[in-house]
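Data first, discussion second: the structure below is written as structure tokens.
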Amino acid sequence: MGRMSRSLATAPGRVCVVAALCAVLALSTAGCGGRRSAAITLRLSMWGDPQEQRRVEDAAKSFEAENPGVQVEVETAPAMQIAGGITAYEQKLIVLIAAQDAPDVMYLPRDRYEFYAEKGALVNLDPFINENERSGEAALDPGLLEGMRVSGGIYGLAKDADTVYAISVQTKHPKEVWDLLLHVATGAL
């Protein structure tokens with residue numbers, strides 16, 4: 001009888017725990033009717049003035065609209081010089097690369113692009129460039145490829161005289177990242 005009364009005494013406690021768990025589950029699934037989380041999240045790291053940032057964010061939104069299930073997070077950092085001639089942006093980027101948390105697409109200073117390519121931090125874009133007619137080397141604006149060949153490969157696309165778009169070797173979604181890089185680099189909005 002003692003055993004039965006102990007079991008009955010804790011039954012209301014168990015009911016409360018079960019009820020609390022049901023409430024938590026109900027509340028956590030209540031917001032599921034809205035925007036579903038993307039199956040793939042890509043990170044694009046950049047520097048630039050507010051107008052450049054808006055342009056890249058607009059390109060990211062356009063890319064998301066054309067690629068359901070892909071979300072793009074645009075990360076910014078100042079391009080101001082700090083000690084040793086390196087920028088705050090590049091300092092942050094070096095830390096992220098070392099921590100195995102590099103963004104998928106990144107702006108790089110053109111004068112340091114070769115360094116990153118030779119250190120193995122960037123994806124060789126040749127297979128993507130030559131893969132199809134839309135992105136074949138002949139189809140790309142020659143300005144995007146000018147001066148980009150390093151050690152027999154192309155590891156970035158020229159944005160302008162000072163900046164290169166590149167893909168981190170740490171990316172888990174190279175095909176989608178190439179599509180994003182091409183979308184942003186060609187100004188497709």
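Here, each number is a calculation from the coordinates, and none is a lab measurement. If you're wondering where the values come from, they're calculated on a predicted model, not measured in any experiment. Please note: Cβ atoms are built from the backbone with ideal geometry, for glycine as well, and neighbour counts cover all protein chains shown.
Just a few scattered comments:
- Residue exposure sequence - Ile154, Ile167 - by fewest surrounding Cβ within 10 Å: Ile154, Ile167
- Sequence-separation-based contact order of the stretch 40-185, relative, with Cα cut under 8 Å and 6+ spacing, percent: 25 percent
- 5 angstrom amide H check on Thr87, placed H, neighbours 5+ away: Ile82
- Ranking of Asp179, Asp160, Asp111, Asp126 by count of other Cβ atoms within 10 Å, fewest first: Asp160, Asp111, Asp126, Asp179
- Per-residue Cβ neighbour rank within 10 angstrom, fewest leading, Ile86, Ile97: Ile86, Ile97
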